[in-house]
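**Q** To start, I am sharing the structure in question, which I have written as structure tokens.
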Amino acid sequence: MIRSLNTGVLGIKQFQTSLDTIGNNLANINTIGFKSARVDFSDTLAQTMRAPTPDTATTSGTAGMQVGNGVTVSAIKNQFTQGAIKQTGVRTDMAITGDGFFMVKDSTTNELFVTRAGDFREDKNGFLVTNDGFRVQGLNKQAPANTAAEKLEIGDIKLDVGKYTEDRSGVSLDTSTNVFTKAAHAYTTGNQVKFSGTVPNVAGGSSSTSTVFFVAKLTDDTFSLHHTAADAASAANKVNYTVASPTAVTVSSVTYASDYMSLASGHGMSTGDTFYVTGGTMPGGLTDGKAYFARIATDNIYFHTTSADASAGTNTVDITTGGSSFKLYKDAGTISSLTLAGGASISSYNMGADGKVNMLLTDGTQYSRAQLLLQNFKNPQALLKQGSNLYGNLSTAGPAGITADSAGATEILSNAKAPGSSGMGRIAAGALELSNVDMAREFSNMIVTQRAFQANARVISTSDEILKE
């Protein structure tokens, strides 16, 4: 009777756990991205009253006798099945259709978590965050001006909303180096700008207040401008500027066999000066508007692409044809009090099915600012719920792409994949994944569990009655 009482009590406790699990499932029926849990039972180690004996050729063996000691909960498993997708129209809402988890990081502790809940928001600094302020992770430097190495960096996703660049006044330009100076200009490489008011002359071309340039940050106080984002990323092919009224130097003749030009006397040029060739028919081997460095031998000028070559007389630029009606412009002036305005503003952005954050600018162009990445796990049952729709214990769960027994946040992030690739699900933008709790199944389970609970309670009451007898 004592054993019956014990097994009955044990059964009640285990089925209470089952009821608790069902109750938790039903309580989270409207929780975004929630995954329901299932209780698995197993019997406990039985007491052997008599061991079985084997059969022989002439006799039959005896059956063993064991008395069970009740039931125990062997596992409470999370069911990682797909939840229904609900359209919300909110552009920061995202749902995963398929496998994978969003990765979010606590910016205070740098602890990494994963979640299926995509009810993100934008904080005041432009970061894409969870409701608790954890920052969504992904490729966060995907703008065209970023280098190939920067495009592989994983970090906090940021949404650049509003004015793309602020106005800067009091900017000065050294036309001999084509470097702009503005103390603490706060530009980053790739910013788009236009001139407002005074527009410096572009050697070998023209510009106006509607011309958009790309910034290449040189130092905190200096920068250069470029025609393309790719040039800005590598700080190559700076736009060459001249002073407002550049001094033209007359060319008497071109000796292209020996790669020099003869200048009129009084030309005023010295070795190391920066100058441009523009207009008319260009001599072969020279580029209209390109900055060259002079090497002067009396009234003859040789062309070099660096100041060091001009001083040393090395690597002279080859002149292949004579050309006609062109001019040389010496430049060594400074233009002050320039104003640069934002070249474009971000009018809107959207999230792609591949996780890319696409920015649409007011000038009609667009670019990918960032890309969310997803991570999956070989043993998702090892993930531990941390509250707020988050899962932890990532290393034990076996992150995809990692064969070692343990892994840190950096490794888990670096092995993440883009949505729609390597078996990962795709992103449904402006939508949320709902809880996968099946209410009908939970009520059915509740009835079965209730009956089991009652049966175990009946064992206790019956054993009590017999003990009274």
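The values are calculated or read from the model by the stated rules, or taken from the named source; none is laboratory data. Bear in mind the structure is a predicted one, so any value in this text is a computation, not a measurement. Note that each Cβ is placed from the backbone with ideal geometry, even for glycine, and that neighbours are counted across all protein chains shown. The accessibility values were calculated without ligands, DNA or RNA, using every heavy atom of the protein model including side chains. Shrake-Rupley method; radii C 1.70, N 1.55, O 1.52, S 1.80 Å.
Residues are listed down the side, and each one gets a yes or a no for (1) within 13 Å of the chain's Cα centre (by Cα); (2) under 17 Å from Ala235 (Cα atoms); (3) aliphatic (A, V, I, L, M):
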site: Ala117; (1), (2), (3): no, no, yes
site: Phe120; (1), (2), (3): no, no, no
site: Phe127; (1), (2), (3): yes, no, no
site: Gly170; (1), (2), (3): no, no, no
site: Thr175; (1), (2), (3): no, yes, no
site: Phe180; (1), (2), (3): no, yes, no
site: Ala183; (1), (2), (3): no, no, yes
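**Q** Among the residues in segment 167-177, are any open to solvent by 50 Å² or more (accessible area, probe 1.4 Å), among the polar types (S, T, N, Q) and over 22 Å from Gly190 (Cβ atoms)?
**A** For segment 167-177, residues open to solvent by 50 Å² or more (accessible area, probe 1.4 Å), among the polar types (S, T, N, Q) and over 22 Å from Gly190 (Cβ atoms): absent.
**Q** On to the next question. Going by the structure shown, is Tyr302 open to solvent by 40 Å² or more (accessible area, probe 1.4 Å), of a type outside the set (S, T, N, Q) and assigned to a strand (DSSP E or B)?
**A** Numbers: open to solvent by 40 Å² or more (accessible area, probe 1.4 Å): yes; of a type outside the set (S, T, N, Q): yes; assigned to a strand (DSSP E or B): yes.
Taking the combined requirement at face value, the residue satisfies it.
**Q** Find all pairs meeting these conditions: Cβ atoms under 6 angstrom apart; at least six residues apart or on different chains; first residue within segment 224-245 and hydroxyl-bearing (Ser, Thr, Tyr); second residue part of a loop (DSSP other than H, G, I, E, B) and open to solvent by 10 Å² or more (accessible area, probe 1.4 Å).
**A** Matching pairs, first to second residue: Ser224/Lys238; Thr242/Ala203.
**Q** A follow-up question, please. Taking Asp99, is it in contact with a Gly (Cβ under 8 Å, 6 or more places away or on another chain) and under 20 Å from Lys385 (Cα atoms)?
**A** Values: in contact with a Gly (Cβ under 8 Å, 6 or more places away or on another chain): yes; under 20 Å from Lys385 (Cα atoms): yes.
Yes, satisfied.
**Q** Output yes when any residue across segment 244-259 is open to solvent by 30 Å² or more (accessible area, probe 1.4 Å), part of a loop (DSSP other than H, G, I, E, B) and at pLDDT 90 or above, and no when none is.
**A** The answer is no, given that none of the residues of segment 244-259 is open to solvent by 30 Å² or more (accessible area, probe 1.4 Å), part of a loop (DSSP other than H, G, I, E, B) and at pLDDT 90 or above.
**Q** Name the strands (runs of 3 or more DSSP E) wholly inside segment 363-469 in which the number of residues that are modelled with pLDDT under 90 and open to solvent by 20 Å² or more (accessible area, probe 1.4 Å) is 1 or more. Spell out how you get there, then give the answer.
**A** On the way: elements: 366-372, 384-387, 390-392, 426-429, 431-433.
Passing ranges, in order: 366-372.
**Q** Would segment 263-270 turn up any residue that is surrounded by fewer than 15 Cβ atoms within 10 Å (Cβ to Cβ), more than 47 Å from the chain's Cα centre (by Cα) and part of a strand (DSSP E or B)? Even if it seems obvious, please write down each step before you answer.
**A** Of all residues in segment 263-270, those surrounded by fewer than 15 Cβ atoms within 10 Å (Cβ to Cβ) come to 264-266, 268, 270.
Then keep just the ones that are more than 47 Å from the chain's Cα centre (by Cα); that gives 264-266, 268, 270.
From what is left, the residues that are part of a strand (DSSP E or B) are none.
No, that holds for no residue.
So that you can scan it fast, the table gives a plain yes or no per residue for (1) closer than 30 Å to Phe453 by Cα; (2) among the small types (Gly, Ala, Ser); (3) out of contact with any Phe, Trp or Tyr (no Cβ under 9 Å at 6 or more places or on another chain):
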{"site": "Gly61", "(1), (2), (3)": "no, yes, yes"}
{"site": "Thr81", "(1), (2), (3)": "yes, no, yes"}
{"site": "Asn125", "(1), (2), (3)": "no, no, yes"}
{"site": "Gln142", "(1), (2), (3)": "no, no, no"}
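**Q** If I ask for residues that are among the β-branched types (Val, Ile, Thr) and either out of contact with any Phe, Trp or Tyr (no Cβ under 6 Å at 6 or more places or on another chain) or surrounded by fewer than 18 Cβ atoms within 10 Å (Cβ to Cβ) (or both), which ones from segment 318-339 would you list? Talk me through it step by step, then tell me what you get.
**A** Let us first name the residues in segment 318-339 that are among the β-branched types (Val, Ile, Thr), namely 319-321, 334-335, 339.
Within segment 318-339, Thr320, Thr321, Thr334, Ile335, Thr339 meet the criteria.
**Q** Could you list all residues from segment 340-351 that are open to solvent by 10 Å² or more (accessible area, probe 1.4 Å) and either under 22 Å from the mean Cα position of the chain (by Cα) or within 23 Å of Asn240 (Cβ to Cβ) (or both)?
**A** Result: Ala341, Ser345, Ile346, Ser347, Ser348, Tyr349, Asn350, Met351.
For every residue, the table says whether it meets (1) modelled with pLDDT of 85 or more; (2) touching a Phe, Trp or Tyr at 6+ places or on another chain (Cβ under 6 Å).
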| site | (1), (2) |
| --- | --- |
| Asp156 | yes, yes |
| Ser172 | yes, no |
| Ser176 | no, no |
| Phe180 | yes, yes |
| Val193 | yes, yes |
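**Q** Does segment 63-75 include one or more residues that are open to solvent by 90 Å² or more (accessible area, probe 1.4 Å) and either at pLDDT 90 or above or closer than 20 Å to Ala397 by Cα (or both)?
**A** Within segment 63-75, none of the residues are open to solvent by 90 Å² or more (accessible area, probe 1.4 Å) and either at pLDDT 90 or above or closer than 20 Å to Ala397 by Cα (or both).
**Q** Can you tell me how many residues within segment 89-123 are among the polar types (S, T, N, Q) and surrounded by 15 or more Cβ atoms within 10 Å (Cβ to Cβ)?
**A** Kept after step one, since they are among the polar types (S, T, N, Q), are these residues of segment 89-123: 92, 97, 107-110, 115.
So of that shortlist, the ones also surrounded by 15 or more Cβ atoms within 10 Å (Cβ to Cβ) come out as 92, 97, 115.
Number satisfying all stated conditions: 3.
**Q** What pairs can you find where one residue is in segment 322-342 and more than 30 Å from Ala183 (Cβ to Cβ), the other is in a strand (DSSP E or B), and their Cβ atoms are less than 6 Å apart, with a gap of 6+ or different chains?
**A** Once the first residue is more than 30 Å from Ala183 (Cβ to Cβ) and sits in segment 322-342, its partners that are in a strand (DSSP E or B) give Gly322/Val254; Gly323/Thr281; Ser324/Thr281; Phe326/Val277; Lys327/Ala248; Leu328/Val249; Leu328/Phe275; Leu328/Val277.
**Q** Kindly list the number of the only condition in (1) buried (at least 16 other Cβ atoms within 10 Å of the Cβ); (2) touching a residue at least 24 places away in the same chain (Cβ under 8 Å) that fails for Val199.
**A** The failed condition is (2).
**Q** Something else about it: Need the failing condition index for Tyr260 against (1) of a type in the set (Phe, Trp, Tyr); (2) more than 32 Å from the chain's Cα centre (by Cα); (3) closer than 30 Å to Ala341 by Cα, just the number.
**A** Unmet condition: (3).
**Q** Quick one: Ala145 ticks every box in (1) at pLDDT below 90; (2) crowded, with 20+ Cβ neighbours inside 10 Å; (3) in contact with a Leu (Cβ under 8 Å, 6 or more places away or on another chain) except a single one, so which number is it?
**A** (3)
**Q** Kindly provide the set of residues from segment 258-306 that are touching a helix residue (DSSP H, G or I) at 6+ places or on another chain (Cβ under 9 Å) and within 22 Å of Gly205 (Cα to Cα), ordered by number.
**A** Of everything in segment 258-306, those that are touching a helix residue (DSSP H, G or I) at 6+ places or on another chain (Cβ under 9 Å) and within 22 Å of Gly205 (Cα to Cα) turn out to be Asp273, Thr274, Tyr292, Phe293, Ala294, Phe303, His304.
**Q** Picking from Gly126, Gly89, which residue would you name as being in contact with a Gly (Cβ under 6 Å, 6 or more places away or on another chain) and at positive phi? If you could, list the steps in order and put the result at the bottom.
**A** Values: Gly126 fails: in contact with a Gly (Cβ under 6 Å, 6 or more places away or on another chain).
Result: Gly89 is the single residue among Gly126, Gly89 that is in contact with a Gly (Cβ under 6 Å, 6 or more places away or on another chain) and at positive phi.
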